[in-house]
Amino acid sequence: MAEITRDVLIVGAGAAGLTAANDLRKAGLSVAVLEARDRVGGRLWTDVIDGAMLEIGGQWVSPDQDALKDTIEELGLETYSRYREGDSVYVGPDGQTHRFTGEMFPVSAETEAVIAEITERLDAMVAEIDPDRPWEHAKAKEWDSVTWDAWLRAQTDDDEAVRNLAFATGSAMLTKPTHSFSLLQSLLMAASAGSYSNLVDADFILDKRVVGGLQKVPLLLAERLGDDVLLNQPVRSLEWSADGVTATTDDTTVRARFAILAHAPILYSRIAFVPPLPRRQHQMHQHISMGFVIKVHAVYDRPFWREQGLSGTAFSPYELAHEAYDNTNHGDERGTLVGFVSDQNADDLFTLSAEERRERILESLSHYYGDEAKNPVVYYESDWGTEEWTRGAYAASFDMGGLHRYGADLRSAVGPIHFACSDMAGAGYQHVDGAIRMGHLVASTIVEAARAAGDTAEVDG
């Protein structure tokens, strides 16, 4: 059994953990990063499948994501804009395909007016929400006691308007059925992007990509840490006291003054804590769960939809694939579409054979792009639900009533144990930007704690 002693132990080599580790090293503290997987990046993963480079996990960068943009620039990475020239496509309740430009779907004038009015109301509500403290809003308990679906249906009986408003935070972001999470949780999701309008603007929220894939961010951050990043090291137990922590993997023991759990909250239960975590954490963690979405990659010999004057951007709350985009890689002559199948639809698809699932998904994509979409040269489904150290996608969120009840405790340290991941971010919630923000925050907290403990000689300001 190898033994390591460091100032700070970090569990999880995703964007949050690696950001924290680099900050701590810069401040003069020694670190060890333990990663359960055989790779770094967490929910960022770029791989080559049948000769095609695919971003299996997170990939987009939006204009408001300053923490991510600063990191990309500091690492010397290049970005490029998502292709968006031409018409977008919308499939309505009658199954008919409609081409359109601009942000508003091609719905009836009456439905458009309802969507615009409720969007304006939501933007006003979101403006009152502090994404770092949504539970402090005067109406937090009230808003956390009504489902997102129920609130929308109380505003209008226009079903098409409800479906289009609902899926922005439901199928598209939290990736849960809209009856399973609260209005407050939905408002937090929107507040994390600056407004509800930002969240529904694909040209804003899905603006740019990194050349070579977004996993380059954690790969380069890990490279700087060298041998202080240890792979294939799932932490089995974590002993803790006022004096520090001792983590045990299958073949390594790490002792440190502080620990950071930099992974999704739903994995805390995989670690045996000695002594157990406090009652509050035991209860809170039972009210957090992952969403689920299938990210579908379809690669073609060319981006044929562009020949039809289409941007590749497509939406429909009535389709199996509720949204899809041109995801062609930088400098690639081939064309790639990426589509998403969320929550209950995703569950249902996995009751089918792989062949049936592919057929159903490609049929849905063909409703946007025509029959040529049924014949990709490469087809792949990102299924994070089968990943042992992820167990869903995109991220974790509270169940009904959980956010106002427990949200304030989600980031709270337990003795020497600190927590950081995108699932507990304010700005950048559930995104890589939020993970980086949480990494910076937890590192600064530990540096201050080390100074307060009289370690100023060892900590470089």
Any residue that is β-branched (Val, Ile, Thr), open to solvent by 30 Å² or more (accessible area, probe 1.4 Å) and modelled with pLDDT of 95 or more - is there at least one of those in region 427-444?
no
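Would you point out the residue of region 95-151, among those that are touching a Pro at 6+ places or on another chain (Cβ under 7 Å) and without any contact (Cβ under 8 Å) to a residue 40 or more places away in the chain, that is farthest from Glu85 (Cα to Cα)?
This residue is His98.
Quick one: is Glu307 more than 25 Å from Val162 (Cβ to Cβ), exposed (fewer than 15 other Cβ atoms within 10 Å of the Cβ), acidic (Asp, Glu) and modelled with pLDDT of 95 or more?
Details: more than 25 Å from Val162 (Cβ to Cβ): yes; exposed (fewer than 15 other Cβ atoms within 10 Å of the Cβ): yes; acidic (Asp, Glu): yes; modelled with pLDDT of 95 or more: yes.
The answer is yes for Glu307.
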Within region 272-298, of all residues that are touching a residue at least 60 places away in the same chain (Cβ under 8 Å) and touching a Lys or Arg at 6+ places or on another chain (Cβ under 7 Å), the one least open to solvent (accessible area, probe 1.4 Å) is Gly291
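Let's see how each residue does on (1) touching a Gly at 6+ places or on another chain (Cβ under 8 Å); (2) open to solvent by 10 Å² or more (accessible area, probe 1.4 Å); (3) part of a loop (DSSP other than H, G, I, E, B); (4) touching a residue at least 12 places away in the same chain (Cβ under 8 Å):
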position	(1), (2), (3), (4)
Asp7	no, yes, no, yes
Ala13	yes, no, yes, yes
Ala16	yes, no, no, yes
Leu24	no, no, no, yes
Gly28	no, yes, yes, yes
Ala32	no, no, no, yes
Val40	yes, yes, yes, yes
Arg43	yes, yes, yes, yes
Val48	no, yes, no, no
Considering region 395-426, residues that are buried (at least 22 other Cβ atoms within 10 Å of the Cβ) and within 12 Å of Leu184 (Cβ to Cβ), and then whichever is farthest from the chain's Cα centre (by Cα), we arrive at His404
Checked region 50-72 for anything within 21 Å of the chain's Cα centre (by Cα) and not in a loop (DSSP other than H, G, I, E, B); matches are Met53, Leu54, Glu55, Trp60, Val61, Asp66, Ala67, Leu68, Lys69, Asp70, Thr71, Ile72
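Across region 103-149, which residue is farthest from His179 (Cα to Cα) among those that are assigned to a helix (DSSP H, G or I) and aromatic (Phe, Trp, Tyr)? Break it down stepwise before answering.
Just the residues of region 103-149 that are assigned to a helix (DSSP H, G or I), to begin with: 109-127, 134-136, 140-143, 148-149.
Right, trim to aromatic (Phe, Trp, Tyr) and you get 135, 143, 148.
Details: Trp135: 20, Trp143: 13, Trp148: 6 Å.
Looking at the filtered set, the residue picked out is Trp135.
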Note on region 324-380: residues outside any loop (DSSP other than H, G, I, E, B), more than 17 Å from Ala393 (Cα to Cα) and among the hydrophobic types (A, V, I, L, M, F, W, C) are Leu337, Ala354, Ile361, Leu362, Leu365, Ala373, Val378
When restricted to Arg302, Arg257, the only residue modelled with pLDDT of 95 or more and in a strand (DSSP E or B) is Arg257
Counting only residues in region 335-384 that are surrounded by fewer than 19 Cβ atoms within 10 Å (Cβ to Cβ) and β-branched (Val, Ile, Thr), the one nearest to Tyr318 (Cα to Cα) is identified as Thr351
Every listed condition ((1) in contact with a strand residue (DSSP E or B) (Cβ under 6 Å, 6 or more places away or on another chain); (2) crowded, with 20+ Cβ neighbours inside 10 Å) holds for Ala52 save (2)
All-but-one check, Ile266 against (1) more than 20 Å from the chain's Cα centre (by Cα); (2) surrounded by fewer than 21 Cβ atoms within 10 Å (Cβ to Cβ); (3) of a type in the set (A, V, I, L, M, F, W, C), failing number (1)
Filter region 98-134 for residues that are out of contact with any His (no Cβ under 9 Å at 6 or more places or on another chain) and of a type in the set (Asp, Glu); the one that is modelled with the lowest pLDDT is Glu103
Of (1) open to solvent by 50 Å² or more (accessible area, probe 1.4 Å); (2) in contact with an Asp or Glu (Cβ under 9 Å, 6 or more places away or on another chain); (3) within 30 Å of Met438 (Cα to Cα), Pro134 fails just (1)
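Across region 401-453, which residue is farthest from Pro218 (Cα to Cα) among those that are assigned to a helix (DSSP H, G or I) and in contact with a His (Cβ under 8 Å, 6 or more places away or on another chain)? Walk me through how you get there before you give the answer.
Going residue by residue through region 401-453, those that are assigned to a helix (DSSP H, G or I) are 402-409, 422-424, 432-452.
Now narrow it down to the ones that are in contact with a His (Cβ under 8 Å, 6 or more places away or on another chain): 402, 405-406, 422, 442, 445-446.
Values: Gly402: 31, Arg405: 33, Tyr406: 30, Ser422: 14, Val442: 17, Thr445: 21, Ile446: 21 Å.
In this case the residue turns out to be Arg405.
The values are calculated or read from the model by the stated rules, or taken from the named source; none is laboratory data. Please read all numbers here as calculations on a predicted model, not as lab measurements. Ideal geometry is used to build each Cβ from the backbone, glycine not excepted, and the neighbour counts take in all protein chains shown. Accessible surface areas use protein heavy atoms only, side chains included; no ligands, DNA or RNA. Shrake-Rupley method; radii C 1.70, N 1.55, O 1.52, S 1.80 Å.
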